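Nothing in this text is a laboratory measurement; each read-out follows from the coordinates by a stated rule. Keep in mind that this is a model prediction, so the values were computed, not measured. As a convention, Cβ positions derive from the backbone with ideal geometry for all residues, glycine included, and neighbour counts pool all protein chains shown.
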């Protein structure tokens, strides 16, 4: 499903010869064209794919923190045009960068667009990188390009949710900062926002509830795995569609596909502090169907359904035995790391034809 862009404008942030951060502001919006909509679509897709998103809301703090909020409200009410709003936002961001002493340059993008059933405002500080190409005269030429796949300083406001439920604490989403820094150091501050809804905690609670529900139902191993896969597939589809997890709908999925007698919705309503609806965290829900671990130079991941069949774990010796390893790994072992037996000979690794590689 494509996005429908309604407004987009760019402003440039850079340091002058005296080392002072300044903003070159555009005086008019970019005209919406197929290429512009494709650009917004690329940004949207890359933002959707980020797993390190968090959620926030507008806070009622100091006067300066309300500049962005006030300008946005005026724009939404038709009291301020989109260009004026974006310019106020750009000025506020420059002030915040100076206050935090962050050496950030780039292109500030402000865009409004629609996707599925919601309207959004996207605010992103993009890096304008140089690239070298060859022209038709076989000459090297330097050009500028924006790498949409590496966006980091970005926040998105769900305008539909903000209008419907201004008391919510998750209508703003943003990407957590890179290692050693936090977006909230200045990007949330410039919008006057505070972290609110903890989506990771909700997803962790869901995983715990699914496991304990299976235990209460006394489900056999195969049916437990089926319930986990139903949950994973449902969450994956919700992420794809840009929709929240709905506990009542998930409960119905269990009834229709797993033939469960008890109600999962009733179960989680009793003892779990879960919202009726919340965004899915794809990194966490992936743990429903996979075992993942790393440390000591090892990184191991496999589907849960293989445990007890092609993969066996012995708790006493803390040993994991794999039967029927992936072909590409087998070839690497044969080529570079032949296993030497106690007698000094080498043990060839033979595939188990009865087991499918995971």
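Observations
- As a rough footprinting exposure proxy, the listed residues 117, 148, 6 were ranked by other beta carbons within 10 Å of their own, and the order from fewest upward is 117, 6, 148.
- In angstrom, the C-alpha Rg and Dmax of region 161-250 are 17.3, 53.
- Percentage relative contact order, the chain, counting C-alpha pairs under 8 Å, at least six apart: 14
- One decimal place: the segment residue 277-residue 118 gains 55.7 nm when fully extended, by the rule 0.36 nm per residue minus the C-alpha distance.
- Degrees separating the helix 82-100 axis from the principal Cα axis of the chain, which is the longest one: 70
- Burial ranking of peptide ranges 190-197, 286-293 (average Cβ count within 10 Å, highest at the top): 190-197, 286-293
- Principal-axis tilt of helix 247-258 within the chain, Cα atoms, nearest 10 degrees: 30
- Legend: Rg and Dmax of region 49-149, from Cα coordinates, 17.8, 59 Å.
- FRET efficiency, residue 335 to residue 208 (Cβ-Cβ, R0 45 Å, nearest 0.05): 0.55
- Rg followed by Dmax, in Å, when region 200-286 is reduced to its Cα trace: 11.8, 34
- Fluctuation leader among 203, 135, 77 - the chain, Gaussian network, Cα springs under 10 angstrom: 135
- Treating each Cα of region 4-197 as one equal point scatterer and applying the Debye formula with no solvent, the log10 of I(q)/I(0) at q = 0.13, 0.15, 0.17 Å⁻¹ comes out as -0.70, -0.94, -1.22.
- Principal-axis tilt of helix 327-336 within the chain, Cα atoms, nearest 10 degrees: 80
- Surface/4 of the Cα convex hull for the chain, nm²: 27.6
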